[in-house]
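Q: Dropping a structure here in structure tokens format, bear with me for questions.
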Amino acid sequence: DSIYLQNSKGESYKAQIVHTDPSKDLAILYIADKTFKKAKSLPYTFKTSTSDLGEDIYTIGFPRDEAVYGQGYLSSSTGYAGDTIAYQISVPVNPGNSGGPVLDSRGNVIGIISGKQRGIDGAAFAIKTKSILNALADIPSDSLVTGLKINKKNSLAGLPRTEQIKKMQDYIYMVKVY
């Protein structure tokens, strides 16, 4: 299989799998395309503390060829059937949103969308950032082309939501497998 990541401008870049965690349905990808220009720094951070019930959240994903925004709240501190590695969120989720970020009002990533419950509108699930950070830490060092750095500075905090979304769109990619 060939994996490509497509940005909001329609540009595609070849990617490769660096690490997977099938139990959490996570895959860490690396853009291996020589034409890709990596960012100096990311605008967001990963929230390391647990998010609160009722917290306002939003998503940006690619259920279509353009980015789609969704707004909602954290509805449970556990996922499907009490799964402690996930949150239940009340945000409209469509096919194509899976793997997209879930952000809090300050622009911190609190998780990534992992799916939704069939037959129940508004019941979606997101893998918590703790599991994402654990998966990143589990990557064998010989699998990395360069060192892995986790951003510690959030440049989205304090910005209006519309500005957060504009800044985030350049860092969210649609995954295409051929």
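The values are calculated or read from the model by the stated rules, or taken from the named source; none is laboratory data. Since the structure is predicted, the reported quantities are computational estimates derived from the model, not experimental observations. As a convention, Cβ positions derive from the backbone with ideal geometry for all residues, glycine included, and neighbour counts pool all protein chains shown.
Residue-wise test of (1) among the β-branched types (Val, Ile, Thr); (2) more than 22 Å from Ile150 (Cα to Cα); (3) surrounded by 11 or more Cβ atoms within 10 Å (Cβ to Cβ); (4) in contact with a Ser or Thr (Cβ under 7 Å, 6 or more places away or on another chain).
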residue: Ala15; (1), (2), (3), (4): no, no, yes, no
residue: Asp21; (1), (2), (3), (4): no, no, yes, no
residue: Tyr30; (1), (2), (3), (4): no, no, yes, no
residue: Thr45; (1), (2), (3), (4): yes, no, yes, no
residue: Ile57; (1), (2), (3), (4): yes, no, yes, no
residue: Pro63; (1), (2), (3), (4): no, yes, yes, no
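Q: Still on this model: Considering only strands (runs of 3 or more DSSP E) fully contained in region 2-72, which possess at least 2 residues that are farther than 21 Å from Leu156 by Cβ? Break it down into steps so the answer makes sense when it comes.
A: On the way: elements: 3-6, 12-21, 26-31, 56-61.
Qualifying strands (runs of 3 or more DSSP E): 3-6, 12-21, 26-31.
Q: Could you check, for region 144-164, whether at least one of its residues is assigned to a helix (DSSP H, G or I), of a type in the set (S, T, N, Q) and modelled with pLDDT of 85 or more? Let's see the steps before the verdict.
A: Filtering region 144-164 down to residues assigned to a helix (DSSP H, G or I) leaves 161-164.
Then keep just the ones that are of a type in the set (S, T, N, Q); that gives 162, 164.
Remaining after also requiring modelled with pLDDT of 85 or more: 162, 164.
Checking region 144-164: at least one residue is assigned to a helix (DSSP H, G or I), of a type in the set (S, T, N, Q) and modelled with pLDDT of 85 or more.
Q: May I ask you to list the residues in region 87-118 that are in contact with a helix residue (DSSP H, G or I) (Cβ under 9 Å, 6 or more places away or on another chain), in a loop (DSSP other than H, G, I, E, B) and of a type in the set (S, T, N, Q)?
A: Result: Ser105, Asn108, Gln117.
Q: Confirm whether Gly96 is out of contact with any His (no Cβ under 9 Å at 6 or more places or on another chain), on the phi > 0 side of the Ramachandran plot and without any contact (Cβ under 8 Å) to a residue 24 or more places away in the chain.
A: Here the answer is no, as Gly96 does not meet what is asked.
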